[in-house]
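In what follows, a single structure is set out as structure tokens and then discussed.
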Amino acid sequence: MGKKIKIHQTEAYTTFIVREAITIDLDDYPELEGMNSHEIVDYLEYNASEMKPTNSEWYESLSDELSQTDIIREKISGEDFSFRVDDSEE
């Protein structure tokens with residue numbers, strides 16, 4: 001009897017989701033004072049989960065609030081396939 005192998009295929013995709021924007025009053029976020037748009041984005045990437053939400057009745061953080069807004073655009077791209085061979089003896 002010949003040698004048998006198992007072949008597995010893996011599929012991977014990149015998903016982009018654009019969510020509805022929320023408007024914040026910079027007077028309520030003094031930590032952002034004097035920052036340009038690029039600096040605000042950098043700050044949010046590291047600190048949004050610690051920042052107060054605009055609606056504290058429903059959300060625990062600004063990050064939580066932003067992640068719950070409606071999806072306005074979704075795109076799946078970057079389809080990638082790979083294979084793996086399991087040649088262990090059974």
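Each reported figure results from applying straightforward, stated rules to the coordinates on display, with no laboratory input. This is a predicted model, so every value here is computed, not measured. Reconstructed Cβ throughout: ideal geometry from the backbone, glycine too, with neighbour counts over all protein chains shown.
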Virtual spin-label span in nm between residue 32 and residue 20, 7 Å along Cα→Cβ: 1.8 nm
Difference of contour (0.36 nm per residue) and Cα-Cα distance, residue 4 to residue 52: 11.5 nm
Within the chain, chymotrypsin sites (Phe, Trp or Tyr not before Pro) in DSSP loop having at most 11 other beta-carbon neighbours inside 10 Å: 58
Selection from 82, 32, 46 lying farthest towards where the dipole of segment 6-86 points positive, charges on Cβ: 82
Of 15, 71, 59, farthest towards positive along the dipole that unit charges on Lys, Arg, Asp, Glu beta carbons give segment 6-86: 15
Among [x] 13.8, 38; [y] 18.2, 55; [z] 22.5, 77, the entry derived from the coordinates for Rg and Dmax of the Cα atoms in Å: [z]
10 Å Cβ shell holding at most 11 others, DSSP loop, trypsin sites (Lys or Arg not before Pro): longest site-free stretch of the chain: 5-90
Nearest 10 degrees, 0 to 90: helix 37-47 Cα axis against the chain principal axis: 70 degrees
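How do 64, 80, 70 line up, fewest other C-beta atoms within 10 Å first?
Values: 64 14, 80 9, 70 6.
Arranged by neighbour count, lowest to highest, 64, 80, 70 become 70, 80, 64.
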Whole-number percent relative contact order across the chain, with pairs defined as alpha carbons under 8 Å at least 6 apart: 54 percent
Structure-based [θ]222 nm, the chain - -39500 (n - 2.57) summed over DSSP H runs of at least 4, per residue, nearest 500: -5000 deg cm²/dmol
